[in-house]
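Every number here is computed from the coordinates shown, using simple stated rules; none is lab data. The structure presented is a predicted model; accordingly, all values stated were derived computationally and were not measured. Reconstructed Cβ throughout: ideal geometry from the backbone, glycine too, with neighbour counts over all protein chains shown.
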Amino acid sequence: MAPAALWLLVFNVWPSINTIVLAFTNSRPLGGGRFTGLDNFARVLSDAQLADALLNSIVFMLVCLPLLTILPLLLAILVEKKIPGIAFFRTAFYTPVVASAVVVALIWSWALNDRGLVNGFAQWLGVIAEPIPFLTERWLLVFSAISLTVWKGLGYYMIIYLSALGNVRRELHEAAAVDGAGPVRRFRSVTIPGVRNTMLLVSVMVAVSALRVFSELFILSNGTGGPGGRAQSVVMLIQMYSRGFYGHFGYASALSIVLFVITVGPMLLLLRLNRKAA
Amino acid sequence: MRRRWTGPVLATVMIASGCGLGGADPEGGAAPAAAATGEVKGKVTLQTWALKPKFTRYMEGVIGAFEKKYPGTDVEWLDQPADAYSDKVLSQAAGGTLPDVVNLPPDFARPLVKQDMLLDVAQVDAKLADEYVAGGLDAYRFRGHQGTYGYPWYLNTDVNYWNSELMTKYGLDPEKPPASFDELVEQARIMKEKSGGKVLLMSRRPELGDLKEAGVEILSEDGTKFVFNTPEAAAVIDKYRAAFKEGLMPRDVLTDTYAGNAKLFNEGAVAWTTGGGNHITSVANENPSLAPKIVASPDFGVPPLYVQGLSVSKRTRNLPAAIALARWVTSPENQSAFAHLVSVFPSTKASANDPFFSRSDGTNAGDAKVIAFTSLAKAEVLQPFEVTDAMSKFIRQQVSAALTGEISAKEALDTAVAECNKLLNQ
């Protein structure tokens, strides 16, 4: 018990307290700092880049949430069937999960840039005259990152659903079929109630990771956050302000607290909705 | 009542002290930890930046000769990888484990000077100004701090590099590359038209250095505020914006990092880049067929001065050996030997007359070396060391937004200056 408590204290409790305290200071990596009251939070309210970043993160979550909650479930139902060669498809869908996020994002940035595979192919087909600025226009950049996240996340959540589907009793499906229920009805009335708790878990995981998105946007925008920094996420802002010899730990900590609050919000909402539905 | 407050107050004090609020200064102190004079012997640590494995033999030779010259000395050589060197130095400084002699470019040295962690070498070395070039020494003198906080080691600057094959193919004369920004735009227009936009000449957006070259002051005289939001600076960005709008630059410039144009140049997507005196050698590794086709010409305006130096930790326990080692590595002989291996330039006055630097061997790399060496005479540090990572990133973001036309150049500069001042004074 003692080692676990110590671990929790050192790696969870202490950093959390430290972040809260730093948020009220102008602390730097070298030389400490001083208490500045609510200055960092006053700055949060007037930070135009943070407003953009919050909007990006929320759009990211709103698009990813339904896609990564429903699509992996459908995929899991497809690959759950015991037919020859299905293992190949399971593996193929899961492959993006084991690939490094950085490597995958780099491959996507090569594919999506102005001289990349996608634009080159579309131009060769004559579909477009000019390259589509996937990586240099705010919303195209955000949606490119969303596509990457969904593509990479499908296999991961599919595996979670596969294990949940294994617990849905086969007799229920058979009984529903005997009563004349078609595949859609069985999906709605048997499968979904059977995996409801897993869907909730997946929703919470997707919402939290979408609000905390970093790698995809960072690498696709080459670390710049797009023109004007308008395609940044909140975590990218935290990274920007906290690194280097002159890292602004105080402001970065205030941003971390803002991110924590907005991450906890949807989580509580989803739990509450589930409790009501149950 | 008093007892009830004791717990929270104690907790607050403990938290505050643990959160780096006490101005903890693990390396600081008014005086060096050891005397400057005395016999040169004992153990001393030297940290360099990404010299292994390419220059292992050179460094081992330099260290071996030092140990031979000063019997009883033992140099421990630490070489850190290129990536995340600033993080490594930061953790060493914060943890009180800075090596005795450490390779720090001036922008890394400045925050350590602010915390009183580096030795003012001018105090212990009277010959400094006689032996090292003024530009190199000036880079280690910081606003608000008396002293010189490093021995300049090697210098470099930027040279223009052109892809002669692409220039010839698309109607340009590589013998007469652009000599100014206006000529660059003119020739970029020709290349775009003749190549049908397949190959472009320009591929970089303006940086603070470009504003400085145009005569714009970046920081106020007293270093307390940024002042680069002038009409002259806006005019520079407007020129780039017009070129971008005309399609003379790829859209990649909007999200490229500093080295972005070199990458596009190496891929053959654009025909111009800037780089140090040794750029052709680097290209030869990445794209061997491109290297022989490159021609070099001088930078358009005031060339940037890049300085590397060796600083001495104020906390060193072996000051005589640390100073002797820093002087030894940066001595004219050792710097010249190093510069013969790679196109960097010595910071010592005695090396200036070495014909190796002023005479080309007839190769394009040799020509580039001579151009870089000649340019050094008028090179300046263009970006103030007060500019931090976050500021640089913010400025680039605003300039990119101005290039797209989303905001005006003036708006971009005003926003950038406001944010930089906020960060500077925080």
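Numbers below:
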read-out: Electrostatic dipole magnitude of chain A [Cβ: Lys, Arg +1; Asp, Glu -1; Cα centre; debye, to 20]; value: 640
read-out: Residue exposure sequence - A:CYS64, B:CYS420 - by fewest surrounding Cβ within 10 Å; value: A:CYS64, B:CYS420
read-out: Percent RCO, i.e. relative contact order, over chain B, from Cα pairs under 8 Å lying at least 6 residues apart; value: 24
read-out: Candidates B:LEU184, B:LEU211, B:LEU137, ranked by Gaussian network fluctuation over chain B, Cα under 10 Å, top entry; value: B:LEU184
read-out: Rel. contact order, % - alpha carbon contacts under 8 angstrom, at least six apart, segment B:101-220; value: 15
read-out: Amide hydrogen neighbours beyond the local backbone of B:GLU380, cut-off 5 Å, H modeled; value: B:LEU305
read-out: Cross-link partners of B:LYS169 among lysines (Cα-Cα below 20 Å; sequence separation of 8 or more within a chain); value: B:LYS192, B:LYS194, B:LYS198, B:LYS293
read-out: Binned Cα-Cα distances of segment A:91-176, short to long, each 5 Å bin given as a whole percent; value: 3, 13, 16, 16, 14, 12, 9, 6, 5, 5, 3, 0
read-out: Neighbour-count order for A:TRP108, A:TRP7, fewest beta carbons within 10 angstrom listed first; value: A:TRP7, A:TRP108
read-out: 13 Å beta-carbon shell around B:ASP87, net charge (K/R +1, D/E -1); value: 0
read-out: Partner lysines for A:LYS81 [C-alpha distance under 30 Å; skip if fewer than 8 residues away on the same chain]; value: A:LYS152
read-out: In sequence order, calculated HN-Hα J values of segment B:394-403 (Karplus, 6.51, -1.76, 1.60; Hz; x Gly/Pro); value: 5, 4, 4, 4, 5, 5, 4, 4, 5, 5
read-out: Inter-chain Cβ neighbour average for residues A:248-255, partner chain, 10 Å; value: 2
read-out: 3J(HN,Hα) from dihedral phi, segment A:210-223, Karplus parametrisation 6.51/-1.76/1.60, rounded to Hz, x for glycine, proline; value: 5, 5, 9, 4, 9, 3, 4, 5, 5, 6, 5, 9, 6, x
read-out: Relative contact order of segment A:48-277, pairs being alpha-carbon contacts under 8 Å that are 6 or more residues apart, as %; value: 30
read-out: Cross-link table B:LYS176/B:LYS212; B:LYS43/B:LYS127; B:LYS52/B:LYS212, entries beyond 30 Å C-alpha to C-alpha; value: B:LYS52/B:LYS212
read-out: Cα-based shape type of segment A:48-277, given that a ≥ b ≥ c are square roots of the gyration tensor eigenvalues and the cut on a/c is 1.5; value: oblate
read-out: Residue-averaged 222 nm ellipticity for chain A, from DSSP H runs of 4+ at -39500 (n - 2.57), nearest 500; value: -22000 deg cm²/dmol
read-out: Modelled FRET efficiency - R0 56 Å, B:LYS169 with B:GLU39, Cβ distances, 0.05 increments; value: 0.30
read-out: Chain B - mean residue ellipticity at 222 nm from DSSP helices (-39,500 (n - 2.57) per run, n ≥ 4, rounded to 500); value: -13500 deg cm²/dmol
read-out: Rg in Å to one decimal, and Dmax rounded to a whole Å, for the protein assembly as shown via C-alpha atoms; value: 29.5, 99
read-out: Lysines with Cα under 20 Å of B:LYS41, excluding same-chain neighbours fewer than 8 positions away; value: B:LYS68, B:LYS69, B:LYS314
read-out: Highest-first arrangement of B:305-313, A:127-135, where packing means the average Cβ count within 10 Å; value: B:305-313, A:127-135
read-out: Dipole in debye (nearest 20) - chain B, about Cα centre, beta carbon charges: Lys, Arg +1; Asp, Glu -1; value: 980
read-out: 3J(HN,Hα) from dihedral phi, segment B:407-418, Karplus parametrisation 6.51/-1.76/1.60, rounded to Hz, x for glycine, proline; value: 9, 7, 4, 5, 4, 4, 5, 4, 5, 5, 5, 4
read-out: Gaussian network model of chain A, Cα within-10 Å springs - most flexible of A:ILE146, A:ILE86, A:ILE160; value: A:ILE86
read-out: Averaged over A:105-114, number of beta-carbon atoms from partner chains that fall within 10 Å; value: 1
read-out: Number of partner chain Cβ atoms within 10 Å, mean per residue of A:16-26; value: 3
read-out: Charge tally in the Cβ shell below 13 Å around A:PHE143, where Lys, Arg are +1 and Asp, Glu are -1, A:PHE143 excluded; value: -1
read-out: C-alpha long axis of helix A:86-98 to longest principal axis of chain A, angle in °; value: 0
